[in-house]
Every structure is written in C-alpha cells, then in structure tokens.
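Comments concern the structure below.
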Amino acid sequence: MSHLAKVTRLLFWALLSNFVLFGVTLTIIGATIPEIIRGFHGVCRDC
C-alpha cells in the first residue's frame, strides 16, 4: 500500500473501519433481538 497517496490510504482505513463497526453493531443487535422478543412474550400473554 505504499504506492497509494496518503489521502487514499486514510479513506481506505476509514471505510474499512466503518464496515467493521457496522458489522459488529449488527451482530450484537441480531444476537439480542431474540432475547428481547422472548422476554416480551412472557410479559404479554395475549401476544
């Protein structure tokens, strides 16, 4: 990557870190949603 300009490298790392952060966030949300739904189902008997 030494042949890329400094601005291009910064944009690359910013984009890569954005994808990593987005992926981690969606993984955490996807793992907790079923637990939230199960917990709500115990409270609402008519649902």
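Values in this text are rule-based calculations from the coordinates and carry no lab data. These numbers come from a predicted model, not from an experiment. Because the Cβ atoms are built from the backbone with ideal geometry, glycine has one as well, and the counts that use them run over all protein chains shown.
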Sparse-neighbourhood loop hits (chymotrypsin sites (Phe, Trp or Tyr not before Pro), segment 1-40; DSSP loop; Cβ within 10 Å at most 11 others) -> none
In nm, the gap between the two label points placed 7 Å beyond Cα toward Cβ at S17 and I37 is 3.5
Phi angles of segment 15-29, converted by Karplus (6.51 cos²θ - 1.76 cosθ + 1.60, θ = phi - 60°) into ³J(HN,Hα) in whole Hz with x for Gly and Pro, give 5, 5, 5, 5, 5, 5, 4, 4, x, 5, 4, 5, 5, 5, 5
Least to most buried among R38, R9, by other C-beta atoms within 10 Å and fewest first, runs R38, R9
